[in-house]
1. Show me the strands (runs of 3 or more DSSP E) entirely contained within the stretch 37-114 in which 1 or more residues are farther than 25 Å from ARG18 by Cβ and at pLDDT 85 or above.
2. Taking the criterion of being in contact with a strand residue (DSSP E or B) (Cβ under 6 Å, 6 or more places away or on another chain), of a type outside the set (A, V, I, L, M) and under 26 Å from VAL84 (Cβ atoms), would at least one residue in the stretch 49-60 satisfy it?
3. Could you look through the stretch 1-39, keep only residues that are under 15 Å from the mean Cα position of the chain (by Cα) and aliphatic (A, V, I, L, M), and pick out the one that is surrounded by the fewest Cβ atoms within 10 Å (Cβ to Cβ)?
Amino acid sequence: MKTERAEPALLRRINERRIFEAIQRSGPASRATLARLSGLTPPTVSKVIDSLLTRGLVEEFDQPRPPLGRPHKLITMATTSAAVLGVVIDAGACCVTDAGCSSPAPPRRPTAWV
């Protein structure tokens, strides 16, 4: 039986998606927490986070008041370098709204053109 090998680029994209989903579900989280939530190994999570940081898709910040133990940085969806737009085109109207990357998205009033 012949087995297929996964392409490294495909695996990288799958791992990035798992990290994005973990951040969307949990909100800002440390690399260790993201490893636990995503099921990926800590070195894989660090590689993925470094790649996403370089591309401006996530942001890293210091924890405001760390609990006991060593302080760590938190990872969150980018708010200054990335955006998501939602567009609805209908026969009677066209609406555009800034949906944001974080979940849940804050309520915004769409801009409509008739």
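1. Where strands (runs of 3 or more DSSP E) fall fully within the stretch 37-114 and carry at least 1 residues being farther than 25 Å from ARG18 by Cβ and at pLDDT 85 or above, they are 85-89.
2. Yes, the stretch 49-60 contains at least one residue that is in contact with a strand residue (DSSP E or B) (Cβ under 6 Å, 6 or more places away or on another chain), of a type outside the set (A, V, I, L, M) and under 26 Å from VAL84 (Cβ atoms).
3. Once the filter is applied, the top-ranked residue is ILE14.
The values are calculated or read from the model by the stated rules, or taken from the named source; none is laboratory data. The structure presented is a predicted model; accordingly, all values stated were derived computationally and were not measured. Heads up, the Cβs are rebuilt from the backbone with ideal geometry, glycines too, and the neighbour counts pull from every protein chain shown.
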